[in-house]
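Some notes on the structure that comes next.
Computed from the coordinates by the stated procedures, all read-outs in this text should not be read as laboratory data. Just so it is clear, the model here is predicted, and its values are computed rather than measured. Cβ placement follows ideal geometry from the backbone for every residue including glycine, while neighbour counts extend to all protein chains displayed.
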Ligand code: C5P
């Protein structure tokens with residue numbers, strides 16, 4: 001069943017008391033750690049609490065595709081967050097390789113352009129049960145000043161909209177976006193669009209404190225869900241907490257409260 005249908009059925013079939021399970025299907029923990037051993041330890045500490053894990057550049061570069069297999073074998077859903085951005089032929093090949101790993105989501109940078117996006121999309125045409133292909137719009141660590149430094153003289157929101165329209169034309173309906181652009185992307189992508197949202201900081205996080213780290217365009221878990229996020233990606237607020245399972249549980253509770261009954 002496609003991810004968007006699974007999410008909708010998990011909410012509508014879920015009575016109030018089971019909203020935590022629906023929230024669990026929407027929380028992706030970023031395994032931003034330097035080794036397979038550190039990843040194993042983190043995943044073990046979250047057993048029974050979390051269902052989705054994200055393998056990104058740090059872990060994949062250190063441990064390779066082998067780090068994914070045990071996660072898939074244990075029934076976890078995996079988002080392989082390698083943000084491909086290269087010429088169309090190279091990205092198509094990378095997408096085909098990623099699709100053999102048993103992961104449920106992969107991604108490319110929307111800034112790669114229309115031909116690259118179309119090549120990534122068509123690379124999955126012949127794959128049975130393909131992973132969801134997401135496009136990264138503007139990184140959550142980028143603000144207007146950073147865009148301007150790169151020669152783009154308009155707001156992140158406008159840039160996200162331009163990139164999203166380009167993705168939709170290429171047939172890509174899944175996005176990685178900041179919490180601040182979720183509502184706009186939800187209306188562009190429609191109810192079946194998959195919106196995966198990093199830059200999440202729990203309600204208790206101090207907006208100028210160390211919990212924010214390098215993220216610029218942030219929101220609380222509840223606000224991101226209320227604005228239409230399909231999935232939240234959370235790294236350091238869980239992985240660097242003294243008790244990761246407790247931190248994840250608190251985030252799940254915040255998400256559950258914001259889910260529609
Ligand atoms: O630790 P933190 O919660 O900031 O981690 C966010 C995760 O989401 C990181 O793994 C980062 O690579 C990823 N991400 C992001 N912004 C994007 C896409 C992915 O922060 N636009």
Note to self: Please compute the modelled spin-label separation between residue 243 and residue 90, points set 7 Å along Cα→Cβ, answer in nm with one decimal.
What the structure shows: 4.7
Margin query: Just to be sure I understand: with springs between alpha-carbon atoms less than 10 Å apart, which residue in 56, 102, 190 has the highest mean-square fluctuation in the Gaussian network model of the chain?
Written below: 190
Next item on the list: Assuming R0 = 30 Å, can you tell me the calculated FRET efficiency for the pair residue 128 and residue 169, based on Cβ-Cβ distance, to the nearest 0.05?
Entry: 0.70
Notebook entry, point to check: Between the stretch 230-253 and the stretch 28-45, how many Å separate their Cα centres?
Noted result: 13
Item checked: Relative exposure of 177, 50, judged by other C-beta atoms within 10 Å (fewest first) -> 50, 177
Check: Suppose R0 equals 45 Å; then what is the FRET efficiency for residue 61 and residue 148 from their Cβ-Cβ distance, rounded to the nearest 0.05?
Finding: 0.90
Margin query: Using a Förster radius of 35 Å, what is the FRET efficiency between residue 74 and residue 97 based on their Cβ-Cβ separation? Nearest 0.05, please.
Written below: 0.95
